[in-house]
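Read the structure below first, then the notes.
No value in this document is a laboratory result; all are computed from the given coordinates. On a predicted model such as this, the values are computed, not experimentally measured, just so you know. Cβ coordinates were reconstructed from backbone atoms using ideal geometry, including for glycine residues, and neighbour counts include every protein chain displayed.
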């Protein structure tokens, strides 16, 4: 049967091979291990594993590949095999092997099938097997050795000694000049069995410092052609999902993947201090619009104040590109900023509180949206207060403010408070051994016209009592009456006690105004009812019956000391409701 050359490139699935020390010891015995080779036979010594054991886990994958070629397995001759070891084979574990057919060659009287297998042990690559006749899989190797002293009397190399270099020259029409190169250097103190090394790459003729260095601890440093002004030192391109991956594994809680940057003025060789508003780090994201790459988002770290000894104030700005725009984002007003004092601004670059949200176009600046089937998980705003500090809290006391919602308006010069809802402790905390005791009250305030000082108008106390005009309601709903009004002859009674009592007094027997006994009614008084009471102890106040004050029988109503009368308005007139009652 002829071989199927279309199988070149075929890769088998991973074949798993589990083994333990008995397996490798049996293999050692099978290839003739003797008594003096106990390290390959005795489990207490490992055991060690012969490198040729590498052929064992590859059998299944190799067989799969050979079957795939449709050749006659009875005619197969093993022409040769090379094993590339990455590290010693473990004495037990699980190996997974895949095989790839890399070539099928017509040798006239026979055919040559080249199969490459790769085996991982315990999830790490350990060996690569390549099968071939002749020695075409042997890679050329360049081995260099460097010492100080002489060949006959070598001496140890020292820090910064050059160990090896490859220098690439190109012909410029008149002669060959250096274009680029790679060198290996000693990278630290040398001791017996230890020579730390670094690699340096350069692509700029005549430079004394490599453009890229990979040092002995794995740190990679890159310089541009002009390291003092260049903005793009590295370009990562990929057709997959990502081009940069930083991984870390450590048992120390403070060891984590870090991107570390330094910024100074001056030059790399002669640094000077940065100044306020200097940009220290930027992440600029572009998107391709079909013609060119345009900026779409931008994160920038800047100096946010005057630096000094052990003092480097900073802020972070977040910029996004508006729909319909595609210009540079540098120097634009950020959509969000975090200042050096921790204040966060959204829509403002100068937040005056821990969080300030500002907009000239958006009405709903904060939206809390919850959707689930769990009772009690509604959108919430939680305000918390204690005395002391965040790390050492102490108990709040009666009268302490717990939080507030303030509304302010701009008066042409400043923002002035107009109204507020405030929350306070309304009694003793943790009383009678109850550590969950936290009595509370809610205060509602408004600012009167002509003032910028808010006044409490209503309160709900810890017992649920509601008070309007009073800070200590004694029952479920209390409306405090206004102060007593002194009435002189022809005075109008001010209708400022809707829903409560209107107290009046006089310095003698008087009669009210004959046109407006009470404040001239308007639509705003519709539904207003109040009890008028004469709190004078000696004098009578007569309420004039007129067009705007309709009395029972159309007669004037005399209120002697402690007499009361109920009046109501429909927004057009005032009406007497019920007879005068009192101490007549």
(request) Rounded to the nearest 0.05, what FRET efficiency do residue 268 and residue 361 give with R0 = 51 Å and r taken as the Cβ-Cβ distance? Could you check? (result) 0.70
(message) Report the Cα centroid-to-centroid distance between region 27-76 and region 143-200 in angstrom, as an integer.
(response) 41 Å
(request) Compute the distance in nm between two label points, each set 7 Å from the Cα along the Cα-to-Cβ direction, one at residue 219 and one at residue 52. (result) 4.8 nm
(request) State the antiparallel share, in %, of DSSP beta bridges confined to the chain, rounding to the nearest 5. (result) 85 percent
(request) Just need the relative contact order of region 469-524 here, percent rounded to a whole number, with Cα pairs under 8 Å and 6+ apart. (result) 34 percent
(request) On a 0 to 90° scale, report how tilted helix 59-68 is relative to the longest principal axis of the chain, with both axes built from alpha carbons and the result rounded to the nearest 10. (result) 80 degrees
(request) At 7 Å along the Cα-to-beta-carbon direction for both residue 145 and residue 478, put a label point, then send me their distance in nm to one decimal. (result) 10.3 nm
(request) Grab the beta carbon distance between residue 460 and residue 249, set R0 = 35 Å, and tell me the FRET efficiency rounded to 0.05. (result) 0.05
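Under the 0.36 nm per residue contour assumption, what length would be gained going from the current alpha-carbon distance of residue 74 and residue 294 to full extension?
Contour length minus Cα-Cα distance gives 72.8 nm.
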(request) Between the alpha-carbon centers of region 459-477 and region 500-569, tell me the distance in whole angstrom. (result) 29 Å
(message) Among DSSP bridges having both ends in region 5-131, what percentage is antiparallel? Round to the nearest 5.
(response) 100 percent
(request) For the chain, list log₁₀ I(q)/I(0) at each q in 0.09 Å⁻¹, using the Debye formula over Cα point scatterers of equal strength and ignoring solvent, two decimals each. (result) -1.10
(message) Taking 0.36 nm per residue of sequence separation and subtracting the Cα-Cα distance, how much length would be gained by fully extending the chain between residue 152 and residue 429, in nm to one decimal?
(response) 90.8 nm
(request) Any chance you could run the full-extension gain for residue 178 through residue 352? It's 0.36 nm times the residue separation minus the Cα-Cα distance, nm to one decimal. (result) 56.8 nm
(message) Given the C-alpha atoms of region 273-357, compute the convex hull and give its volume per residue in Å³.
(response) 90 Å³
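At a Förster radius of 22 Å, what calculated FRET efficiency corresponds to the Cβ-Cβ distance of residue 393 and residue 344, to the nearest 0.05? Show your work: numbers first, answer last.
Details: r = 24 Å, r/R0 = 1.07.
Rounded to the nearest 0.05, the efficiency is 0.40.
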(request) Let me have the relative contact order for the chain, percent, based on Cα pairs under 8 Å that are six or more residues apart. (result) 4 percent
(message) Please report the antiparallel percentage of DSSP beta bridges with both residues in region 430-584, rounded to the nearest 5.
(response) 60 percent
(request) Calculate the translational D of region 436-537 in whole µm² s⁻¹ from Stokes-Einstein, where the hydrodynamic radius comes from the Kirkwood formula applied to all Cα pairs, the temperature is 10 °C and the viscosity 1.306 mPa s. (result) 100 µm²/s
(request) Can you tell me which of 466-472, 370-376, 533-539 comes out highest on packing, and rank the rest after it, using the mean Cβ neighbours within 10 Å? (result) 533-539, 466-472, 370-376
(message) Would you report the distance distribution of C-alpha pairs in region 157-222 as whole percents per 5 angstrom bin, up to the bin with the largest distance?
(response) 4, 17, 23, 21, 14, 9, 6, 3, 1, 0
(request) Only Cα pairs under 8 Å and at least 6 apart count here; give the relative contact order of region 273-357 as a rounded whole percent. (result) 20 percent
(message) Given points 7 Å out from each Cα along the Cα-Cβ axis, report the residue 162 to residue 413 separation in nanometres with one decimal.
(response) 7.5 nm
(request) Kindly express, to the nearest 10 degrees and within the range 0 to 90, the angle between helix 21-30's C-alpha long axis and the longest C-alpha principal axis of the chain. (result) 10 degrees
(message) Please give the Cα centre distance for region 482-497 versus region 256-274, rounded to the nearest Å.
(response) 77 Å
(request) Rank these for me by crowding, 389, 320, going from fewest to most other beta carbons within 10 Å. (result) 389, 320
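Sorted by average packing, counted as other Cβ atoms within 10 angstrom per residue and highest first, what order do 95-103, 521-529, 505-513 take?
95-103, 505-513, 521-529
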(message) Whole percent per 10 Å bin, from 0 to the bin with the longest distance: what is P(r) over all C-alpha pairs of region 5-131?
(response) 13, 39, 29, 15, 4, 0
